[in-house]
Amino acid sequence: DADVPVRIALLKERQGGFSWVFCQVVLWLISFNEHINAMHVAHDKRTTGRIFSYLKEGHEWLADAIRPQKVTDTKGELHLLNPDEDERRAGNIGQDSRTFCDTAGNDFAGTGEPVQIAHCSEVGKWHKVCDPETVYGSFANAIQDEPGTYIFLESTAHGAQTFWHEMWLDACKMGSDAWNGFTPIFLPWYLDERNVAAAPIGMKLGDREDSEFGNEVFIQEHFDLSLE
């Protein structure tokens with residue numbers, strides 16, 4: 001809906017490729033909208049570098065006719081040029097929009113930046129490297145709650161009573177006064193046919209809530225799961 005701000009919280013399986021998907025969504029938004037600033041925040045430097053590589057690759061894969069010219073793609077920032085009308089007629093496309101990457105270990109991530117789009121990766125692990133509320137608040141509170149703004153949170157589960165866990169629970173309160181404004185999307189592991197392993201011979205499922213993994217018999221029946 002173009003008339004409302006976009007806020008998405010994705011609870012995902014591992015290795016599903018969703019960080020890449022969100023990077024391409026952000027790239028599309030900055031490639032075809034003028035004067036947009038976007039940021040990506042990951043839980044560690046390695047993941048930050050990988051996310052930046054997704055952005056650069058996505059830009060290179062765009063067709064020549066629609067690929068904006070780059071001003072720079074160094075130091076974790078991809079800046080797209082905004083040429084004048086003559087340059088546009090000559091095929092030089094750009095929007096003077098940019099996206100940059102930061103790590104959650106930086107308590108002042110995004111501070112002082114006029115950001116309209118934020119993509120937060122593996123939020124469930126942020127509590128291992130920082131105070132998530134401080135980091136998130138440093139940029140999210142500066143993103144106006146207006147149409148044309150986007151915040152994408154995506155993560156696997158990583159513990160209970162964490163910042164991500166609480167954000168997810170509040171996202172699931174849609175329709176109540178306690179809702180945090182995020183649309184929750186849950187993509188469990190069993191939707192991916194690759195997440196299958198041979199069941200051990202003689203494998204038995206727990207049938208009580210107090211067993212090690214809960215009532216597995218109920219879980220299997222409720223979600224129509226095989227032993228594998």
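The values are calculated or read from the model by the stated rules, or taken from the named source; none is laboratory data. Here the structure is a predicted model, which is why all the values come from computation and not from measurement. Please note: Cβ atoms are built from the backbone with ideal geometry, for glycine as well, and neighbour counts cover all protein chains shown. Calculation scope for accessible area: heavy atoms of the full protein, side chains included, ligands and nucleic acids excluded. Shrake-Rupley method; radii C 1.70, N 1.55, O 1.52, S 1.80 Å.
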Given (1) open to solvent by less than 40 Å² (accessible area, probe 1.4 Å); (2) of a type in the set (Val, Ile, Thr); (3) assigned to a helix (DSSP H, G or I), where does Ile151 come up short, assuming only one miss? (3)
Name every residue in region 212-222 that is under 20 Å from Ala157 (Cβ atoms) and either open to solvent by 100 Å² or more (accessible area, probe 1.4 Å) or part of a loop (DSSP other than H, G, I, E, B) (or both), in order of residue number. Glu212, Phe213, Gly214, Asn215, Phe218, His222
Quick one: would you say Glu193 is at pLDDT 90 or above and of a type in the set (Asp, Glu)? no
Among (1) in contact with a Cys (Cβ under 8 Å, 6 or more places away or on another chain); (2) of a type in the set (Val, Ile, Thr); (3) more than 17 Å from Glu154 (Cβ to Cβ), there is one condition Val4 misses while meeting the rest; what is its number? (1)
Scan region 192-209 and tell me whether some residue there is in a loop (DSSP other than H, G, I, E, B), over 29 Å from Pro5 (Cα atoms) and of a type in the set (Val, Ile, Thr). yes
Return the residues of region 1-20 that are surrounded by fewer than 16 Cβ atoms within 10 Å (Cβ to Cβ) and either touching a Pro at 6+ places or on another chain (Cβ under 6 Å) or aliphatic (A, V, I, L, M) (or both); say none if nothing qualifies. Ala2, Asp3, Val4
Can you name the residue in region 154-163 that is touching a Phe, Trp or Tyr at 6+ places or on another chain (Cβ under 7 Å) and open to solvent by less than 30 Å² (accessible area, probe 1.4 Å) and, of all such residues, is farthest from Thr99 (Cα to Cα)? Ser155
Out of Leu225, Leu169, which single residue is in a loop (DSSP other than H, G, I, E, B) and either open to solvent by 50 Å² or more (accessible area, probe 1.4 Å) or hydrophobic (A, V, I, L, M, F, W, C) (or both)? Leu225
Pull up region 21-30, narrow it to residues that are of a type outside the set (A, V, I, L, M) and surrounded by fewer than 21 Cβ atoms within 10 Å (Cβ to Cβ), then point me to the one that is farthest from Thr47 (Cα to Cα). Trp28
